[in-house]
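Here is the structure we will look at.
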Amino acid sequence: MGNSARLGQHFLVDEAARDAVVAAVMPAPGKRVLEIGPGGGVLTEPLLEAGAAVTAVELDDRLYARLAARLAPRGLLLMHADFLTLDLARLQPGPYTVVANLPYAVGTPILQRLLSWPGWTDAVLMFQKEVALRLCARPGGPDYGVLTLSTLLWARADYLIDVPNTAFRPRPRVSSGVVRLVRRPQPLVCEARQAAFFRLAKAAFAQRRKMAAGSLAAALSRPREQIEAAFVRLGVSVTARPENIPFEAFAALTEEFIS
């Protein structure tokens, strides 16, 4: 079994979806683009045609060999590596616009690796639709959760388009969604406080259906009244469930209750 099959990769074959993703990258002569998992080169080729300076990271042995033969002569800088373990210092200096049709099995781990890496400014990424919606969710909806907060920490996320399962070969069971990320100059929570921030958020979302004040009081070993008083100061309802608490309130609660 090749790496692509092992990772559950589905190759984009729909021209309209391809063109939409390429347009979102806004390729221009000399623009540095990093493509993660180029596969058969369906996005790579039009990016090169637009004059972009494309670096691609491909894990699959056979796909790498085909891409090297076909597109390296046209200027593609191709690396045979796993992005999840690649020493990112090996990449040429960016900053990059990142593009990828991410395999469902490793889309979220690749995103997490990318978010904290300073070598990019923006990204156009295709995920399983369920994941894409979670990245772009707003407080109050069922998709809002820890993955949303993790993305917001480092970037602004906007949902661009749906991509139906008919756009891929082999055809997956589910549809996909394309997301644009714009990286923040600095994370919304400083590095020294990030572990505490996520400890608090995970404690709240571990019991999504319960009121967050009770979950947080138990996790922090604090009286519930203390947590509710903090909610009132932050403009959060004392009966709020975790999905109703905005990023800024989680950050403020971290500062107040976790030393």
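The values are calculated or read from the model by the stated rules, or taken from the named source; none is laboratory data. Only a predicted model underlies this, so the values are computations on that prediction, with no experimental measurement involved. As a convention, Cβ positions derive from the backbone with ideal geometry for all residues, glycine included, and neighbour counts pool all protein chains shown. Accessible surface areas use protein heavy atoms only, side chains included; no ligands, DNA or RNA. Shrake-Rupley method; radii C 1.70, N 1.55, O 1.52, S 1.80 Å.
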Antiparallel DSSP bridges in the chain: what percent, to the nearest 5? 50
Please tell me the relative contact order of the chain in percent, rounded to the nearest whole number, where contacts are Cα pairs under 8 Å and at least six residues apart. 16
Hey, any idea what % of the chain's accessible area is carbon plus sulfur with a 1.4 Å probe? 53
Kindly express, to the nearest 10 degrees and within the range 0 to 90, the angle between helix 247-257's C-alpha long axis and the longest C-alpha principal axis of the chain. 50
Can you tell me how the range 113-218 classifies by the Cα gyration tensor, rounded, prolate or oblate, using a/c under 1.5 as the rounded cut? oblate
Acute angle (nearest 10 degrees) that the helix 61-71 long axis makes with the longest principal axis of the chain, alpha-carbon atoms: 60
In debye, nearest 20, what is the charge dipole magnitude of the chain about its Cα centre with +1 on Lys and Arg Cβ and -1 on Asp and Glu Cβ, if you could check? 440
Report the charge-dipole magnitude of the range 1-80 in Debye, nearest 20, computed about the Cα centre from +1 at each Lys and Arg Cβ and -1 at each Asp and Glu Cβ. 200
Placing +1 on the Cβ of each Lys and Arg and -1 on the Cβ of each Asp and Glu in the range 152-252, which of VAL179, LEU152, ALA204 has its Cα farthest towards the positive end of the resulting dipole? VAL179
If one compares the long axis through the Cα atoms of helix 224-233 with the longest principal axis of the Cα atoms of the chain, the angle in degrees, nearest 10, works out at 70
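Hey, what's the chain come to in accessible area per residue, 1.4 Å probe, Å²?
46
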Let me make sure I get this right: for the range 107-175, a, b and c are the square roots of the gyration tensor eigenvalues over alpha carbons, sorted descending. Under 1.5 in a/c it's rounded, otherwise prolate if a/b > b/c, else oblate. Which is it? oblate
For the pair CYS190 and ALA65, how long in nm is the line joining their label points, each one 7 Å along Cα→Cβ? 5.3
Pairwise centroid distance, computed over Cα atoms, of the range 59-82 with the range 184-259, Å: 46
Most positive-pole-ward Cα, GLY119, GLY140, THR55, against dipole of the chain from beta carbon charges: GLY140
Is the chain rounded, prolate or oblate when judged by the Cα gyration tensor, a ≥ b ≥ c being the square roots of its eigenvalues, rounded requiring a/c under 1.5 and prolate requiring a/b larger than b/c? prolate
